[in-house]
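Notes follow the structure.
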Amino acid sequence: MYQRKYLTPPFFEIGPKQYLYGDDILDLALIAEEASIKHRVQVIYTVPYADIRRVADATRNLIIFAPHMDDIPIGRGLADVLPESVRAAGADGVMLNHVEKPLTYAKMINTVKRAKDLNMITLLLADSIVEAQALALLRPDAITAEPSELIATGNAVKDYSYIHKAIEAIHAIDPNIYVLIGAGISSGNDVYNVIKEGADASGSSSAIALAKDKRAIVNEMLQAAREAWDERHSK
């Protein structure tokens, strides 16, 4: 049985999607690991399937995620993503139900169960508060509550009541589920604001993957996460 890893807030998810590939994926992983240690912020690094093994072998501190997997059993299923395959490659967890890879609720139930059977961390994505509350019934480790219309826009959530309502809705089902607020996160200030308002984590994709100075933006965002978390818990 695989050893399970655990999330400790504040944490931060970096997902390069298909903006990067090959050596650039590994280079960003090493930058993220360095910043994670420096700022004492766990980093979930969501890796394209082809690079999971490579990143897992080259890092020690990252929480490596697969960007999706299917609920298929071992056997047939050409071109589907077998949970045992990504786990064996080095994935510590899995992201499910991203707006670019949505799942039916029945598929969510089965895939979360497959992940839990393999001791994988589960991060489920919801594009509304209603969906976030429904996903909380599956008892994942974390839920990303992000309005889909803000994804890749560079415009973060400005209505902080959305953050508060999302956290309240999720915790009404299970107060142990961590809440990540993302979508449009493009600066350290964005990260600081969502964590200061109550989120356990934040994350960014295109703003980091397309940045000319990736080390600078990763450090800016992780430092902001640490500062906001420490300030929130110093009162």
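Here, each number is a calculation from the coordinates, and none is a lab measurement. Note that the structure is predicted; figures quoted are calculated from it, not measured. Cβ: placed from backbone, ideal geometry, glycine included. Neighbour counts: every protein chain shown.
Assorted remarks:
- Of the residues making up region 118-131, those that are closer than 25 Å to A56 by Cβ and either aliphatic (A, V, I, L, M) or assigned to a strand (DSSP E or B) (or both) are L118, M120, I121, T122, L123, L124, L125.
- Once region 26-60 is narrowed to residues that are in contact (Cβ under 8 Å) with a residue 40 or more places away in the chain and of a type in the set (G, A, S), the residue that is surrounded by the most Cβ atoms within 10 Å (Cβ to Cβ) is A32.
- Residue within region 89-104 that is basic (K, R) and either within 27 Å of G184 (Cβ to Cβ) or within 16 Å of the chain's Cα centre (by Cα) (or both) present: yes
- Only listed residue being within 22 Å of K214 (Cβ to Cβ), surrounded by fewer than 23 Cβ atoms within 10 Å (Cβ to Cβ) and of a type outside the set (A, V, I, L, M, F, W, C), chosen from D70, D23: D23
- Selection of region 197-227 for residues being aliphatic (A, V, I, L, M) and in contact with a Phe, Trp or Tyr (Cβ under 8 Å, 6 or more places away or on another chain) yields A201, A209, L210, M221, L222, A224, A225.
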